[in-house]
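The structure appears right after this line, and notes come after that.
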Amino acid sequence: MSSLPTSMHSDRFVVITGGPGAGKSTLIERLAVLGYARSEEAGRGVIRDQVAVGGHGLPWADRELFAELMLCWELRSYRLAAGPAAPPAGPVFFDRGLPDIVGYLRLQGLPVPAHVHAAAQAYRYHRRVWVAPFWPEIYAADAERKQSPEEAERTYRVMVETYTEYGYEPVELERAAVEERVRSVLHMVDRSPAAE
């Protein structure tokens with residue numbers, strides 16, 4: 001049995017990415033309230049866990065280890081969404097995906113290891129990826145989000161470039177209320193052809 005996944009779920013696995021503080025997690029939380037399956041953002045989850053146990057896999061302590069831990073988190077999220085306990089139908093919304101790790105490493109000026117590239121190539125999502133653009137009016141730093149507004153905007157641009165390089169079609173989310181974003185995403189997912 002191959003250890004690499006098939007793309008049989010990729011039309012259901014919908015990534016929402018972008019820069020920090022642009023409203024993507026709020027959008028995914030609203031979709032979850034409406035009953036849609038979702039993943040939790042790897043970066044925030046890893047930071048919370050590492051802080052709780054006194055670990056060093058943090059973006060301000062060991063960026064390479066942080067990236068590896070995010071990779072493990074994203075691989076597990078993907079397998080859970082595709083496994084026997086997964087919802088039988090309908091989209092699963094991912095708060096970032098594996099190509100985000102590639103983008104993170106590039107933003108940090110770090111090399112992208114071959115296994116990270118292989119994971120981003122093999123574990124596929126819906127061909128359309130929704131990208132939240134930098135939105136200065138709502139951006140705010142917090143205990144887990146320490147990037148400057150300039151870094152947040154740069155992150156947005158790098159994610160668009162990275163997902164495009166991996167064969168995805170980035171779709172920019174409008175800067176609008178969360179209810180409007182929900183309607184827009186669901187409308188496009190419902191009428192979108194399956195991923196290739």
Enumerated helices (runs of 4 or more DSSP H) restricted to the range 15-114, each holding at least 3 residues that are over 28 Å from His187 (Cβ atoms): 42-53, 63-82, 98-107
Residue ID - modelled with the lowest pLDDT, chosen from residues in the range 47-70 that are closer than 19 Å to Arg106 by Cβ and surrounded by fewer than 16 Cβ atoms within 10 Å (Cβ to Cβ): Trp60
Of the criteria (1) over 24 Å from Gly21 (Cα atoms); (2) modelled with pLDDT of 95 or more, which one Tyr104 fails: (1)
The range 79-100 - residue that is over 23 Å from Val33 (Cβ atoms) and not charged (D, E, K, R) and, of those, surrounded by the fewest Cβ atoms within 10 Å (Cβ to Cβ): Pro84
Given (1) at pLDDT below 85; (2) within 18 Å of Thr26 (Cα to Cα), number of the condition Ser148 does not satisfy: (2)
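The values are calculated or read from the model by the stated rules, or taken from the named source; none is laboratory data. This one's a predicted model, so the numbers in the text were calculated from it and none came from an experiment. So basically every Cβ, Gly included, is an ideal-geometry build from the backbone, and we count neighbours across all protein chains shown.
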